[in-house]
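Working notes for the structure below.
Nothing in this text is a laboratory measurement; each read-out follows from the coordinates by a stated rule. Remember, it's a predicted structure, so these values are computed and weren't measured experimentally. Cβ coordinates were reconstructed from backbone atoms using ideal geometry, including for glycine residues, and neighbour counts include every protein chain displayed.
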Amino acid sequence: MINLLKKEKFFIFATIFIISLTSFSIVQAACVDTDGHSFTTSGTCTDYRGTPFNDYCNADYAIDYWCADGVGGACDDDMQYCPYGCSDGGICNPTPPCSGPTSPNIYKKEVCTGADNIGHWDTCSGNSVVDYYCGTGGSAGYCLSNTQDCGTYGCFDGTCLAGPCFDSDGPQNFSTYGYCTDYFGGSQRAIYDYCECGTYAVDYYCNQNVCTKSTWNCGVDQCTDSGVCYVTPFDFSIAVDPTSGSVIQGSSISTNVNLGLVSGTTQSVNVGASVTGGWPAGMSATFPSGSSCGPACSLVMTITTTASTPNGTTTINVCGQGGSQNHCTTYQITVVPAGTQITPPSVTTSAATSIAQISATLNGTLNSMGGATSCLVWFEWGPTTSLGNLTSVQTKSATGGFSASISGLTAGQTYYFKAFAKNGGSW
């Protein structure tokens, strides 16, 4: 018998798994140096393990950590000597700055400031100059010095002088405009006198071959723009007291020559006497106490005659010369014969008048001139009978009263006085 099997259908189901794959790579740790192997910058080197190494100083040496194998691995250290010292963080100090000239210059005063931070000015040592300048190479940052003899014209204020000094108007001359030339600084320079603020005259003169400033106070608004003080010229006056006198042949007579300061600063005045047409026979003039003085002052002139001197009146020219001034006055002398009698004059003392607390007027009368043509009169006075004070001498050419005022008296004090007179016959 045939067994017929029933045919059945079936499906085989396959399960498919889709797997997503992601790729990756293992990255090796790197070396990092933050300052790039530098001795002028502080930094840190971190190796492949992440270990940091900081740059540092060892005395005057800088220690720098850097990536010796590039970025691949370990940090290595390197060392460098720092000639100007090492700062924290392994930094070599930079070359210190030096300000000043880079080479010696003996004709110019300069200053050099180097690593010591001290200004070294060029200076003189005797006739030599010590010149400072900035060094180079191994001396960079430091001031070096050069000493050199300055020769003929010497050294002044840190510089050699290249030539002589010249002053056109002479040293410290404040009445003449001028200029001064020298070679301070290497080449010739000219400096002119001038005025400051209308008051101070500035004159440049030669001092140790260098033009040097000198100042003079002319007074407010008394200085010109050219540095010259307005100068009031010197002038004087001359007078004789008394102006005339009589003398017997063979005798002498004296008079005072008074010099007064009219303007400017006093100068010496020389005094002399002369007669127009020449001196009469046997007559001469002398100055016993000297013939010159600085006004205000007084000189004594004595006129001497001899037995041969002719009778009559002679006019004597009395002249003074001082500075650029020349002034004259006259004195008249009358010579009488030796046989002519000239007797002492007669004088009377009168009562004082105009009496105040500190002043009074003294009075007298010339009663007789004793045959002379003129007389000298004056008073002597004082707090005791010894008197001791004299008034100015007056000349009288006729009899009559005369007076003199005195001052500086003390209230309540008693004073004594007496009148005096002289003529040519009573000297």
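For segment 235-336, the equivalent ellipsoid derived from the Cα gyration tensor has semi-axes of 27, 12, 11 Å, listed largest first. Rg and Dmax of segment 360-401, both derived from C-alpha coordinates alone, stand at 11.9, 35 Å.
Checking (1) 231, 60, 41; (2) 67, 47, 40; (3) 84, 67, 39 against Cα extents along the principal axes in Å calculated from these atoms, the matching label is (1).
Taking 11 Å as the cut-off, the amide N atoms of segment 388-421 that come nearer than this to a point 7 Å along the Cα-to-beta-carbon line of Ser354 belong to 403-407. For segment 166-217, relative contact order (Cα pairs under 8 Å, six or more residues apart, normalised by length) works out to 34 percent.
Highest mean packing first, where packing is the average number of other Cβ atoms within 10 Å per residue, the peptides 157-163, 57-63 line up as 157-163, 57-63.
Please work out the Cα center distance from segment 235-267 to segment 357-427, rounded to the nearest Å. So the separation of the two Cα centres works out to 21 Å.
What FRET efficiency comes out for Ser308 versus Ile191 if R0 is 60 angstrom and r is the Cβ-Cβ distance? Round to the nearest 0.05. So, using R0 = 60 Å, E works out to roughly 0.30. Here the residues Val228, Val262, ranked from fewest to most Cβ neighbours within 10 Å of their Cβ, fall in the order Val262, Val228.
Using C-alpha pairs below 8 Å separated by at least 6 residues, the relative contact order for the chain is 8 percent. Distance distribution P(r), segment 111-160, all Cα-Cα pairs, bin width 10 angstrom from 0: 29, 43, 23, 4 percent. Between Val393 and any residue 5 or more places off or on another chain, the built amide H atoms are never under 5 Å apart.
With both labels modelled 7 Å from their Cα along Cα-to-Cβ, the Asn258 to Thr414 distance reads 3.3 nm. Fewest-first ordering of Ile358, Ile106 by other beta carbons within 10 Å of each residue's beta carbon gives Ile358, Ile106. Taking each residue as 0.36 nm, the span from Asp149 to Asp241 lengthens on full extension beyond its C-alpha to C-alpha distance by 26.2 nm. Across segment 55-66, coupling constants 3J(HN,Hα) worked out from phi with the 6.51/-1.76/1.60 Karplus curve, θ = phi - 60°, read 4, 7, 10, 10, 6, 8, 10, 9, 10, 10, 8, 8 Hz, and Gly and Pro carry x. Here is the P(r) of segment 322-398: all C-alpha pair distances, binned every 5 Å from 0, give 3, 10, 16, 18, 14, 11, 11, 9, 6, 2, 0 in whole percents.
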